[in-house]
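The values are calculated or read from the model by the stated rules, or taken from the named source; none is laboratory data. Just so it is clear, the model here is predicted, and its values are computed rather than measured. For neighbour counting, all protein chains shown are included, and Cβ atoms are generated from backbone atoms with ideal geometry for every residue, glycine included. Please note that ligands, DNA and RNA were not included when accessible areas were found on the heavy atoms of the full protein model with its side chains. Shrake-Rupley method; radii C 1.70, N 1.55, O 1.52, S 1.80 Å.
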Amino acid sequence: MDFPPLFNDLQARLAAVTVREVERSLAAERLDVAGLIALLSPAADDMLPPMAKRSAAITRQRFGSTMQLYAPLYLSNLCQNRCLYCGFSADNRIERRILTIEEAEAEAAILHDRGFSHILLVAGEAPGRLGVDYLEELALRLRDKFAAVSMEVQPLSTLEYARLFRAGITAVAVYQETYDREIYASLHPAGPKRDFDFRLGTPARAAAAGMREVGIGALLGLADWRAEGVALALHLAWLRQRFWQTSFTVSFPRLRPAEGGFAPLAPVTERDLAQLLFAMRLFDHDVGLLLSTREEARFRDGMLGFGPTRYSAGSCTAPGGYGNPALSGEQFAVGDHRSLAEVSAMIRQHGFDPVRKDWDSSFQQAVAQGSQAA
Amino acid sequence: MLTIAGRIFSSRLIVGTGKFPSSALMRAAIEASGAEMVTVALRRVDLNDPGDDLMTMLDRHQYVFLPNTSGARNADEAVRLARLARAAGAGEWLKLEVTPDPRTLLPDPVETLKATEVLVKEGFIVLPYMNADPILAQHLQEAGAAAVMPLGSLIGTNQGLLTRFQLEIIIAQARVPVVVDAGLGAPSHAAQAMEMGADAVLINTAIAVSGDPVRMAQAFAAAVKAGRDAFEAGLGVSGPVAAASSPQAGLDFLR
């Protein structure tokens, strides 16, 4: 199947799947695209238990009885975009804040003291204030304290990614939000994010720059989640063919209540999310699957062992919020408020090993402090 | 007795420390395995933290620690990680892993050979993880590898000795110990490798993700011993023609 696919075609194929096709797909050793479509179709809705069982077995074999842990570090809520669903949208009247490098370091130090070795730098899109110079400087200061520093910021060029990789950024996450072009256009009326294709090409640029890991995802609640799932898997397969040395992760963030009061256009239930996650695991045995604190504790506890490989914990989505919990200006309200220690204890109770360190900054050659490479 | 780089081991089972549900269970399983050498992923440990879980859970006087470079994509990365690990007190032993493809985790022959050459010169005791390629095994031995670690099948797949024919050549030609690593999913696989004449096997996933890692570790220990005993005792030749247990070769007339 071509990538990117036409969303309407995917929906038509999903609607045509029969129960027999679902059964055949479940019996197959490896799931091809047709099989993935079968397992994401309405015809597979009653097949969750066998999908869960296979997903759990594959995940255990490949990743062991472990769960990786990380925390997001919000650097800024300044944003030029007007994404209708996002708390950081330029249209919202929230308290705007961008951390200085020193403030960001202080927030990172708090996360380090709490026991995190893997942090994810997050920021709205405001390249004039928070661009590659800022990120490079911060990465150089953080690289010795953390085993892994990932980032989820505005899309950049290959050269910029290469520069940040040398500064110590290990991974890049950039989510397409929706693979439905029409819905994408209606939700992103202004700002650089309007450009669907530039965003779509971003994971490939990050991989081409040598990033160890690249994360893709769709924001669930914007369009038909079944077609979104097929498009995500096709994107993953497309990237795998071209970047065989890159590790990939997939995220399934569901829309959370946020400033602006946007209501989901296409609600996604917990059962839907589980079906999506199991199908993705059956399609790609090696992909990392993330489940963040957007989801409630009960759901995250229940999903342990069934497919996810990485959880965030103790997250605050307001810049500066770790040092000053009273600060407003968050991106969305989190659903799981437990600390790293509490989440780790829960993981152990379920018979899994909470893994805080699964990388080492020494893998990446450090650039000299202050150098202006590329 | 198994001897690697002048060190004598009475157990021919080497075990890994990844994928266990808890470090307590990891320790119990390793103790039950009777292994004297354990491999630890450098990416998982914090060598600068004296309280690191993985490093404190096992007695470093009881086991030879074999740090591995899992995650390295090329020789440069593996060499850099090895140097930093040694500087932080991880010792000279090194399981060299250079795996550029994160899906198959197949070892890169070119980069592995390059890194072996560099690290041996720097005084490391290098045990390279390699595909079951007899010519590569020769090159690695010439470069000074203390042992070679060819794979039985893809790591973590439990598929057993899919590379059997190449392993037989490697074992026949080896001047250093051959440790069959990766893909051994059942004690019978380990026994087969030992019967073929492998000097040791390395097991991780099959023990760590089993329902009862301690019993599985004991099962592998027993299989490794049985396989080795059979090899040393000398296995009968197998073939398609039936042979009677009490031969009547019909040659009684010979004087």
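Under 10 Å, Cα contacts only: if you run a Gaussian network model on chain A, which one of A:GLY217, A:GLY168, A:GLY64 comes out with the highest mean-square fluctuation?
Among A:GLY217, A:GLY168, A:GLY64, the largest GNM mean-square fluctuation belongs to A:GLY64.
Please report Rg over Rh for region A:44-158, where both radii come from the alpha carbon positions and Rh follows the Kirkwood definition.
Working: Rg = 18.5 Å, Rh = 16.7 Å.
Using Cα coordinates only, the ratio equals 1.11.
If I ignore ligands, DNA and RNA and count only protein heavy atoms, how much of A:ASP353 is accessible to a 1.4 Å probe, in Å² to the nearest 10?
Counting only protein heavy atoms, A:ASP353 exposes about 30 Å² to solvent.
Which value in nm describes the separation of the simple spin-label points at B:ASN48 and B:ALA233, placed 7 Å from the Cα toward the beta carbon?
Placing both labels 7 Å beyond Cα along the Cβ direction yields 5.5 nm.
With the solvent-accessible surface defined on protein heavy atoms using a 1.4 Å probe, which residues belonging to region B:78-117 display a reduction of at least 20 Å² in accessible area in the multichain context relative to the isolated chain?
B:ARG80, B:LEU81, B:LEU84, B:PRO100, B:ASP101, B:PRO102, B:ARG103
Under unit Cβ charges (Lys, Arg +1; Asp, Glu -1), what dipole magnitude, rounded to 20 debye, does the protein assembly as shown have relative to its Cα centre? The partial results should precede the final answer.
On the way: 61 positive and 70 negative charges, 74 e Å.
It comes to approximately 360 debye.
Using a Förster radius of 41 Å, what is the FRET efficiency between A:HIS112 and A:ASP32 based on their Cβ-Cβ separation? Nearest 0.05, please.
Details: r = 44 Å, r/R0 = 1.06.
Calculated transfer efficiency: 0.40.
How big is the charge dipole of region B:2-233 about its Cα centre, in debye rounded to the nearest 20, if each Lys and Arg gets +1 on its Cβ and each Asp and Glu gets -1 on its Cβ? Can you show the working numbers first?
Details: 20 positive and 25 negative charges, 25 e Å.
The calculation lands at about 120 debye.
Kindly sort A:CYS83, A:CYS316 by accessible area of their heavy atoms, largest first, with the probe set to 1.4 Å.
Values: A:CYS83 10, A:CYS316 35 Å².
If we order A:CYS83, A:CYS316 from most to least accessible, we get A:CYS316, A:CYS83.
For region B:2-233, just the Cα atoms, rotate onto the principal axes and tell me the three extents in Å, largest first.
The principal-axis extents, from largest down, are 42, 41, 35 Å.
Using a 1.4 Å probe and ignoring any ligands, DNA or RNA, find the accessible area of B:ARG228 and quote it in Å² to the nearest 10.
40 Å²
Could you pull the accessible area for A:MET303 with a 1.4 Å probe, rounded to 10 Å²?
Rounded to the nearest 10, that gives 10 Å².
Counting only other chains, and only Cβ atoms inside 10 Å, what mean value do you get across the residues of A:350-363?
Working: counts 1, 3, 3, 11, 1, 3, 3, 9, 6, 3, 15, 1, 12, 13.
Mean shielding count: 6.
Compare each residue of region B:177-217 in its chain alone against the assembly with all protein chains, and report those whose accessible area goes down by 20 Å² or more; 1.4 Å probe, heavy atoms.
Buried by 20 Å² or more upon assembly, which counts only protein chains, are B:VAL209.
So how much accessible surface do B and A hide from each other in total, probe 1.4 Å, in square angstrom to the nearest 100? Please list the in-between numbers first.
On the way: alone 12560 and 15360 Å², together 25400 Å².
The contact between A and B buries close to 2500 Å².
Just give the residues from region A:52-75 buried by at least 20 square angstrom of accessible area in the all-chains context relative to the isolated chain, probe 1.4 Å, and say none if nothing qualifies.
A:ARG60, A:GLN61, A:ARG62, A:GLY64, A:SER65, A:THR66
Using 1/(1 + (r/R0)^6) with R0 = 25 angstrom and r between the beta carbons of A:ARG181 and A:GLU296, what's the FRET efficiency to the nearest 0.05? It would help to have the intermediate numbers written out before the result.
Values: r = 32 Å, r/R0 = 1.27.
My answer for the efficiency is 0.20.
Determine, from the Cβ-Cβ distance of A:GLN241 and A:ALA16 and an R0 of 30 Å, the FRET efficiency 1/(1 + (r/R0)^6), rounded to the nearest 0.05. Provide the component values of the computation, followed by the final result.
Numbers: r = 26 Å, r/R0 = 0.88.
It comes out at approximately 0.70.
So if each residue of separation counts as 0.36 nm, and I subtract the Cα-Cα distance between B:GLU142 and B:PHE165, what length gain in nm does that give?
Working: separation 23, 0.36 × 23 = 8.28 nm, distance 2.20 nm.
This chain segment gains 6.1 nm when fully extended.
Which entries in B:LYS114/B:LYS225; B:LYS95/B:LYS225; A:LYS145/B:LYS19 show an alpha-carbon gap greater than 29 Å? Spell out each step's value before the answer.
Details: B:LYS114/B:LYS225 35 Å; B:LYS95/B:LYS225 23 Å; A:LYS145/B:LYS19 25 Å.
The pairs that break the limit, which is 29 Å between Cα atoms, are B:LYS114/B:LYS225.
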